[in-house]
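The values are calculated or read from the model by the stated rules, or taken from the named source; none is laboratory data. Values in this document were obtained by computation on a predicted structure and should not be read as measured data. We place every Cβ from the backbone using ideal geometry, glycine too, and count neighbours over all the protein chains shown. Note: accessible area is taken over every heavy atom of the protein model, side chains too, but ligands, DNA and RNA are not part of it. Shrake-Rupley method; radii C 1.70, N 1.55, O 1.52, S 1.80 Å.
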Amino acid sequence: MDYAPCSTSATALEILMKSTYKVLAAAAALALSAAGQAVPVALTQLTGVTGGTIAGTAVYKADLSTIGLASILSIGIRDNSSMLGGAGGQFSGFDLDAIKLSTTDCADAACAAAAVGLAVFDFTSGTIFAPGTQRLPADPKLFGTDGSGSAVDNSIARLGLFDGESTTVTPDGFLSMGDNGAIDFNLTAATSTAGLFLYIGEVGDNGEVAAGSILVRDTTSVPEPAGLALFGLAAAGLARLRRRC
Ligand SMILES: [Ca+2]
Ligand SMILES: [Ca+2]
Ligand SMILES: [Ca+2]
């Protein structure tokens, strides 16, 4: 039996294997990037308040150009005020007046309310709300929710406008998330973070934002890692090479 052809093929195989490993490394990197990232953002409170006729909305700002993500696809707010601050019942937890992404850099609440925002929010089908719990005595549902109490009624909350009426007597223009409530906004397009600011309004200015947490992500959900498919193809190719020798 002549083994020479196989020796020659082995050299070719080494080259092919090296290139295959490069493909595998690239596939692994792609899989990691496809998994997406979620980054907590630090907020600073702007001076003054804004809102409707009874204006008491505190506005908080985050500079998204410094978070390390080139673009974002979703924003999440998690209430963790846990019985601290504000009214109970239907007004429990973080009271969200508005959320805005803008390239205008504001120093006060009135500026944030007036700044032109990017049209990347869908406050109906792009908004996912998980209501938190109410402090006793409980009401039938949280303020700013629809008839089911489990989704935002944006005709009441108007989350694109800093227009909240900061009163429990004639409340309007905001959503109360409940204790430990969560809301996520899937943006309608990937949005570059270059020169971008996030503004969030909290009705009542009573510390509920300070106790909340805000995340931005470069994905709406974890997509199927394309890298794994590449890995499979490369592995199959390697197996075929081995069989040939
Ligand atoms: Ca509240
Ligand atoms: Ca509003
Ligand atoms: Ca509040």
For this session: Pop a pseudo-label 7 angstrom from the Cα along the beta-carbon direction at both Ile156 and Thr124 and give the gap in nm to one decimal.
Result: 1.8 nm
Seminar exercise, completed: Between Ser213 and Asp108, the two model label points (7 Å from Cα along the beta-carbon direction) sit apart by a distance in nm of 3.4 nm
Exercise. Within the accessible area of the stretch 38-217, what % is carbon and sulfur when the probe is 1.4 Å and the other protein chains stay in place?
Worked result: 58 percent
Problem set entry | Label-to-label distance, nm, for residues given as Gln45 and Ser148 (7 Å Cα→Cβ offset) | 3.5 nm
Exercise. Ignoring ligands, DNA and RNA, how do Ser148, Ser74 rank by accessible area with a 1.4 Å probe, largest first?
Worked result: Ser148, Ser74
Problem set entry | 11 Å beta-carbon shell around Asn80, net charge (K/R +1, D/E -1) | -2
Problem set entry | Å² per residue, accessible surface of the stretch 38-217 at 1.4 Å | 39 Å²
Problem set entry | Mean Cβ neighbour count within 10 Å, used as a protection proxy, ranking 171-182, 130-141, 49-60, 191-202 highest first | 171-182, 49-60, 191-202, 130-141
Seminar exercise, completed: Projected onto the charge dipole of the stretch 38-217 (unit charges on the beta-carbon of Lys, Arg, Asp and Glu, signs +1, +1, -1, -1), the Cα from Ile54, Thr124, Gly85 with the largest positive-side position is that of Thr124
For this session: Wrap a convex hull around the Cα atoms of the stretch 120-225, take a quarter of its surface area, and give that in square nanometres.
Result: 8.4 nm²
Exercise. When the gyration tensor of the stretch 38-217 is built from Cα positions, what are the square roots of 5 times its three eigenvalues, in whole Å, from largest to smallest?
Worked result: 24, 17, 15
